[in-house]
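**Q** Structure incoming, see below.
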Amino acid sequence: MATQKYEIPDDFLEAADRFVTLANEMGEQFSPDWVRAVLMYAAARYNAFNWLTSDEHHEQSLDAAAAYFRNEYETMFRENIKEIEPVYRGGMTGKPQ
């Protein structure tokens, strides 16, 4: 398994796993594309509301906030690929088959 740059607390991972479990349950009824879109929309909606109603909204431009969320998502996505790719692809690299 790939080494992480930082330690992720167990309670954080457990909370994330609750969302993944819900997504997997939704995936039994809906397509993966639909579930992915719903998850991203929900995260964007939640983050937009919290950004608008926080003090950060007054200290950070919309472009800066969007760049922050975009960069954080990309970092998390890439870190998750590094972590789970060996498990699901047996260590192979390249596109999913």
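The values are calculated or read from the model by the stated rules, or taken from the named source; none is laboratory data. Note that the structure is a prediction, hence the values are computed from the model and not measured. Glycine also receives a Cβ, built like all others from the backbone with ideal geometry; neighbour counts cover every protein chain displayed. The area values use the complete protein model at the heavy-atom level, side chains included, leaving out ligands, DNA and RNA. Shrake-Rupley method; radii C 1.70, N 1.55, O 1.52, S 1.80 Å.
**Q** Go through the stretch 32-45 and count every residue that is over 13 Å from the mean Cα position of the chain (by Cα) and open to solvent by 100 Å² or more (accessible area, probe 1.4 Å).
**A** 3
**Q** Take the residues in the stretch 16-69 that are farther than 25 Å from ASN80 by Cα and of a type in the set (Asp, Glu), then tell me which one is modelled with the lowest pLDDT.
**A** So, considering only residues that are farther than 25 Å from ASN80 by Cα and of a type in the set (Asp, Glu), the one modelled with the lowest pLDDT is GLU56.
**Q** Which pairs have Cβ atoms under 7 Å, sit 6 or more apart or on different chains, and link a residue in the stretch 61-81 that is within 12 Å of ALA44 (Cα to Cα) to one that is open to solvent by less than 70 Å² (accessible area, probe 1.4 Å) and outside any loop (DSSP other than H, G, I, E, B)?
**A** Correct list of pairs: ALA65/TRP51; PHE69/ASN47.
**Q** Looking only at the stretch 6-19, count every residue that is assigned to a helix (DSSP H, G or I) and surrounded by fewer than 12 Cβ atoms within 10 Å (Cβ to Cβ) and tell me the total. Reasoning before the result, please.
**A** As a first pass, look at the stretch 6-19 and keep what is assigned to a helix (DSSP H, G or I): 10-19.
Okay, now just the ones that are also surrounded by fewer than 12 Cβ atoms within 10 Å (Cβ to Cβ), so 10-15, 17-18.
Residues in the stretch 6-19 being assigned to a helix (DSSP H, G or I) and surrounded by fewer than 12 Cβ atoms within 10 Å (Cβ to Cβ): 8 in total.
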